[in-house]
1. Given a 1.4 angstrom probe, what's the average accessible area per residue across the stretch 74-140, in square angstrom?
2. Within the set of other residues whose C-beta is less than 10 Å from the C-beta of Lys134, count the net charge using Lys and Arg as +1 and Asp and Glu as -1.
3. I want to check the label-to-label distance for Lys180 and Ser33. Put each point 7 Å from Cα in the C-beta direction and report it in nm to one decimal.
4. Pop a pseudo-label 7 angstrom from the Cα along the beta-carbon direction at both Lys73 and Cys205 and give the gap in nm to one decimal.
5. What does the net charge come to around Phe102 if you take all other residues with beta carbon closer than 11 Å to its beta carbon, with K and R at +1 and D and E at -1?
6. Any aspartates and glutamates with Cα under 18 Å of the Lys137 Cα? List them, leaving off those in the same chain fewer than 8 positions away.
7. Give, as a single signed number, the net charge of other residues whose beta carbon lies under 12 Å from the beta carbon of Tyr47, with Lys and Arg counted +1 and Asp and Glu -1.
8. If I take R0 = 30 Å and measure r between the Cβ atoms of Asn80 and Val119 in this structure, what FRET efficiency does the formula 1/(1 + (r/R0)^6) give, to the nearest 0.05?
Amino acid sequence: MAEKYQQQQQVYPLAPSTIVPRSDAQESGTYESMELRKKKRMKRLVYIAAFAVFQTIIILVFALVVMRVKSPKVRLEDINVITNENGNIRLKAQVRIKNTNFGRYKFDSSIATLTSGGVSVGEFVIPDGRARLKSTKTYYVIVDVTSPSSSRRAGSNSGLLELNAKAELTGKVEFLMVLKKKKSAEMDCTMSVNLSTNSVQDLTCQ
């Protein structure tokens, strides 16, 4: 029994622990991995900063160029003169509404007036409508000119009838169907009607 007890109490030595030292290659690999992660983070930050700058530029361009509202231009063009045997004058012309904005221009109808020597000699209607962005809306109009006696005498002497056409359009420039800005457009055209040749000379629109 004593011998068995001594065998049980016998102490067995522990196995020696194995310590494997890290090689230079492993340390180098760890350093390179950390550097790679650092470079990726820096690239991410650069991309975010570049995107923010790009967005800022886009917003500035949109505000300074796209959102800058200009008054549309209204012109009287391609005028044909028709006279009958009684000396009555009829004008057939085109009214062109040029919209230079990046949004469509929606306008109300307006009445244009023809004057000669400060006296009204005719009127015509410019219908309501829309001019698309960066485009021109064209209307065809007809107006009968009833010259006052003073203008008719001046015309018979010089062969020319001086006319002035004026109109004002009121409307709104619409951006993206949401933003709207009020804008008016004016027509102010002068011309000389040659009564001998039934033609228009020196047509000028401001």
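The values are calculated or read from the model by the stated rules, or taken from the named source; none is laboratory data. Since this is a predicted model, take the numbers as computed values, not measurements. All Cβ positions, even for glycine, are placed from backbone atoms using ideal geometry, and neighbour counts span all protein chains on display. Calculation scope for accessible area: heavy atoms of the full protein, side chains included, ligands and nucleic acids excluded. Shrake-Rupley method; radii C 1.70, N 1.55, O 1.52, S 1.80 Å.
1. The answer is 55 Å² per residue.
2. Local net charge: +3.
3. With each label placed 7 Å out from Cα toward Cβ, I get 6.4 nm.
4. Distance between the two pseudo-spin positions: 0.9 nm.
5. Net charge around Phe102: +4.
6. Straight-line reach from Lys137, under 18 Å: Glu77, Asp78, Asp108, Asp128, Glu168, Glu174, Glu186, Asp188.
7. With Lys, Arg at +1 and Asp, Glu at -1, the neighbours total +4.
8. 0.85
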